[in-house]
Amino acid sequence: MPRKADARLEGPPTLYERFSNKDDLLSLLRRRARLNLFSAIKSSRSSAQACRRALDFFAAHPNDFRLISEDWALAFARKEHMPSFEFLKRLLATELGGMPDHHTAVALSLVALLHGTSTLLHSVDTHKKISRDFRGACVSACEALIRAASSKAARSNGVPPRRREPLHNR
């Protein structure tokens, strides 16, 4: 008997009735994962802190990491809404001066570091010690990139670079 023919069978639509195909479902899940990541980093006061929180989020949410990372480059190329990336550029602009879009290259470098480290952390049987080492190396590399960008921005503006406190001391 067709579903609509019997009123007793009426209820919420099934997953298959809500989405016309698998791509529509994956698109929704990717958007939700991006928003979850943004929720995890949006209270960050610095770009280094946002990087650490993103790394923590990816470690704790491997499925969201996979959803975000498997089509990130395509989403970036299509200029889809990427709230965490835009937030990171705004933090960099606040710290380094200039407009958020002037910091796309640094933000992309930070994303590449976070992605590579998260991929390593999610590889099978990553030992806790090496996991800590990977995380520490990633955070240190993110801080070094941000310091280098700060120095470069200061040189181009004729202003001495700000001395930044390491993330692990904040």
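Annotations for the structure displayed:
- Take the conditions (1) modelled with pLDDT of 90 or more; (2) farther than 18 Å from GLY97 by Cα; ARG147 misses just one of them, which is (2).
- Selection within region 99-125 - more than 19 Å from SER69 (Cα to Cα) and surrounded by 14 or more Cβ atoms within 10 Å (Cβ to Cβ): PRO100, HIS102, HIS103
So that you can scan it fast, the table gives a plain yes or no per residue for (1) of a type in the set (A, V, I, L, M); (2) within 20 Å of GLN49 (Cα to Cα); (3) touching a residue at least 24 places away in the same chain (Cβ under 8 Å):
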| site | (1), (2), (3) |
| --- | --- |
| PHE85 | no, yes, yes |
| LYS89 | no, yes, no |
| GLU95 | no, yes, yes |
| ALA105 | yes, yes, no |
| SER109 | no, yes, yes |
| THR117 | no, yes, yes |
| SER123 | no, no, no |
| LYS129 | no, no, no |
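- Of the residues ALA93, ALA33, ALA50, ALA75, the single one that is within 13 Å of the chain's Cα centre (by Cα), among the aliphatic types (A, V, I, L, M) and closer than 20 Å to CYS142 by Cβ is ALA50.
- Residue list for region 92-136, restricted to those being within 22 Å of ALA60 (Cα to Cα), out of contact with any Pro (no Cβ under 9 Å at 6 or more places or on another chain) and in a loop (DSSP other than H, G, I, E, B): SER123, VAL124, ASP125, THR126, HIS127
- Filter pass, ARG132 being surrounded by 12 or more Cβ atoms within 10 Å (Cβ to Cβ) and either at pLDDT 85 or above or not hydrophobic (A, V, I, L, M, F, W, C) (or both): no
- Count of region 62-72 residues which are over 12 Å from the mean Cα position of the chain (by Cα) and not charged (D, E, K, R): 2
- Considering residues of region 56-83 that are without any contact (Cβ under 8 Å) to a residue 40 or more places away in the chain and assigned to a loop (DSSP other than H, G, I, E, B) only, the residue surrounded by the most Cβ atoms within 10 Å (Cβ to Cβ): HIS61
The values are calculated or read from the model by the stated rules, or taken from the named source; none is laboratory data. This structure is a prediction, so every number in the text was calculated from the model and none was measured. Cβ coordinates were reconstructed from backbone atoms using ideal geometry, including for glycine residues, and neighbour counts include every protein chain displayed.
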